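The values are calculated or read from the model by the stated rules, or taken from the named source; none is laboratory data. These figures come from a predicted structure and were not determined experimentally. Using ideal geometry, Cβ is built from the backbone for each residue, glycine included, and neighbour counts are taken over all protein chains shown. Ligands, DNA and RNA are excluded from the accessible area calculation, which covers all protein heavy atoms including side chains. Shrake-Rupley method; radii C 1.70, N 1.55, O 1.52, S 1.80 Å.
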Amino acid sequence: MISRKVNNVKEALEGIQDGQTIMLGGFGLCGIPENSIAELVNKNVTNLTCISNNAGVDDFGLGLLLQKRQIKKMISSYVGENAEFERQMLSGELDVELTPQGTLAEKCRAAQAGIPAFFTPAGFGTEVAEGKETREFNGKMHVMELAYKADFSIVKAWKGDEAGNLIFKGTARNFNACMAGAAKITIAEVEELVPAGTLNPNEIHIPGIMVNRIFQGEKFEKRIEQRTVRQRS
């Protein structure tokens, strides 16, 4: 069995260069590849186009790359809790392409499946559809969306094996699963890396054939965007 294990995050991110397009999994601050993002900051790569559901918060996640102006374009579904993201977008410093959340997920999944384009009713009649082909299906208008083209996809999993098989946990499955295998090279950062053959095949979400490099991360912070607690009665 082919081993896709690399020793650390530095080896995993080898080859990432200025000006490339990178997918980053996660939902809010849940399931984001923390170690990989920190290494991108250390590598000081610039002019990146990042495809991610959102951009973390000011001082965590993709917010760290935004602080250092390493991202030239964000493709995401919403601004989220990141004030710096909002500021750069409104000031024109950052090129932003806001995409309906379901469409963003499907554009990743289409790339994963090798499908070049698809039609969706989401966004028809809005600025989302400007400049795009539209067509009627069953009496309803649809917009043609192209699958994403990315150089690297960086995903985060709860558990993985050395062959690249991945298991996600809870909400961390959002966007990580559809981004695995959706770029030229997929990098998987996992909380626990086990020998090949250890995982229950019935529990695997993404097969190793979709992963090129896998490593075990460390010191996951797992922050919460908005912590809410019930008032004591």
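At full extension, S233 and F119 could sit 35.9 nm farther apart than now, given 0.36 nm per residue minus the alpha carbon distance. Convex hull volume of the C-alpha atoms in region 51-152, normalised per residue: 109 Å³. With a 1.4 Å probe rolled over the protein heavy atoms of all chains, the accessible area of R109, R213, R173, R230 falls in the order R230, R173, R109, R213, largest first. Shape summary: region 142-216 maps onto an equivalent ellipsoid whose semi-axes, from the alpha-carbon gyration tensor, are 23, 13, 10 Å in decreasing order. Put M144, M74 in order of accessible area, highest first, and with a 1.4 Å probe you get M144, M74. Calculated from the alpha-carbon coordinates, region 108-169 shows an Rg and a Dmax of 16.5, 49 Å respectively.
Going from the alpha-carbon gyration tensor of region 1-76, what semi-axes, largest first and in whole Å, does one get by taking the root of 5 times each eigenvalue? Intermediate values should be presented prior to the final figure.
Numbers: eigenvalues 84, 44, 27 Å².
For region 1-76, the ellipsoid semi-axes come out as 20, 15, 12 Å.
Where the accessible area of the chain is counted over protein heavy atoms with a 1.4 Å probe, how much of it, in %, is carbon and sulfur? Don't jump to the answer; show the numbers that get you there.
Values: 5480 of 11810 Å².
The nonpolar share, carbon plus sulfur, comes to 46 percent.
Accessible area per residue (1.4 Å probe, heavy atoms of protein chains only) ranks D151, D95, D161 as D95, D151, D161, with the largest value leading. Rolling a 1.4 Å probe over the protein heavy atoms leaves E34 with an accessible area of roughly 30 Å².
Mind checking the per residue accessible area of the chain for me, 1.4 Å probe, whole number of Å²?
Numbers: 11810 Å² over 233 residues.
That works out to 51 Å² per residue.
Given the pairs K149/K219; K5/K43; K107/K219; K68/K107, which span a C-alpha to C-alpha distance of over 24 angstrom in this model? Result: K149/K219; K107/K219; K68/K107 exceed 24 Å.
Along the axis of the charge dipole computed for region 1-69 (Cβ charges of +1 for Lys and Arg, -1 for Asp and Glu, origin at the Cα centre), the listed residues Q20, S52, L64 are led at the positive end by Q20.
Listed as lacking a disulfide-compatible partner in the chain: C30, C50, by the criterion of no other cysteine Cβ under 4.7 Å.
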